[in-house]
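Participant: Structure in structure tokens, see below.
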Amino acid sequence: MTRNKFNTVIAIICGCFAALSLNAATIPAGTTVTVTTVSLLTAQDVVGRSFEAKIAQDVSVKGNVLLKAGTKAFGKIRSSRANPRKSGPLTVELTSVSVNGRNVAVKTNSVQPGGPPQTARQAQYGHTAGTTVVNPGSKMQFQLLQAATL
């Protein structure tokens with residue numbers, strides 16, 4: 001009797017894993033992912049700083065929506081003007097998306113957001129004139145460099 005219960009439990013576990021693997025979906029490399037920023041980004045932010053965004057439009061593969069608009073996404077600053085020795089333009093990349101409560105790593109190209117430079121008046125309040133600022137709600141497009149399995 002115990003052996004039958006053990007076999008039943010093993011069969012149920014195997015069935016669950018099979019169902020999970022059938023539900024796994026892959027977004028192919030080259031897919032464009034458009035996000036809307038949630039965090040403020042500036043060219044003075046340190047390299048490696050994380051930022052939050054949301055998927056701006058559904059990401060579909062073969063007619064199936066794999067990432068819904070509004071899904072949380074996270075990225076990092078790849079280069080900035082924060083370090084005077086290695087100063088460069090502000091560039092950012094996506095690093096993960098939140099799917100069913102877990103963060104799934106993604107690898108995307110780097111993007112140079114085209115925020116408007118600050119004016120001298122804005123510089124008076126703590127921003128350096130000419131600093132690129134990306135306000136919350138700004139859209140950016142990234143391309144997946146590697147397929148992402150959700």
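Participant: Take Ser87 and tell me if it is of a type in the set (Gly, Ala, Ser), exposed (fewer than 12 other Cβ atoms within 10 Å of the Cβ) and at pLDDT below 90.
Facilitator: Yes; evaluated as a whole, the condition is true for this residue.
Participant: Starting from the stretch 80-92, take each residue that is free of Cβ contacts under 8 Å to residues at least 24 places away in the same chain and list its partners that are among the hydrophobic types (A, V, I, L, M, F, W, C) and surrounded by 11 or more Cβ atoms within 10 Å (Cβ to Cβ), counting only C-beta distances under 7 angstrom and pairs at least six apart or across chains.
Facilitator: From the stretch 80-92, the pairs are Thr91/Val111.
Participant: Pairs needed: first member in the stretch 23-45, free of Cβ contacts under 8 Å to residues at least 12 places away in the same chain; second member anywhere, assigned to a strand (DSSP E or B) and surrounded by 15 or more Cβ atoms within 10 Å (Cβ to Cβ); C-beta distance under 8 Å; at least 6 residues apart or different chains.
Facilitator: none
Participant: So, one more: Among what's in the stretch 111-137 and is of a type outside the set (Val, Ile, Thr) and surrounded by 17 or more Cβ atoms within 10 Å (Cβ to Cβ), pick the residue that is modelled with the highest pLDDT. Before you say what the answer is, go through the steps one by one.
Facilitator: Start the filter on the stretch 111-137 by keeping residues that are of a type outside the set (Val, Ile, Thr), which leaves 112-118, 120-127, 129-130, 135-137.
Next, only the ones that are surrounded by 17 or more Cβ atoms within 10 Å (Cβ to Cβ) stay: 113, 115, 118, 127.
On the way: Pro113: 88, Gly115: 49, Gln118: 50, His127: 50.
It comes out as Pro113.
Participant: Additional query: So, in the stretch 53-86, how many residues would count as being in contact with a Pro (Cβ under 9 Å, 6 or more places away or on another chain) and either β-branched (Val, Ile, Thr) or under 21 Å from Thr32 (Cβ atoms) (or both)?
Facilitator: 1
Participant: On to the next question. Could you please give the count of residues in the stretch 28-61 that are touching a His at 6+ places or on another chain (Cβ under 9 Å) and more than 16 Å from Val134 (Cα to Cα)?
Facilitator: The qualifying residues number 0.
The values are calculated or read from the model by the stated rules, or taken from the named source; none is laboratory data. The structure displayed is predicted, hence computed values, not measured ones. Quick reminder, even Gly has a Cβ in these numbers, built from the backbone with ideal geometry, and neighbours come from all protein chains shown.
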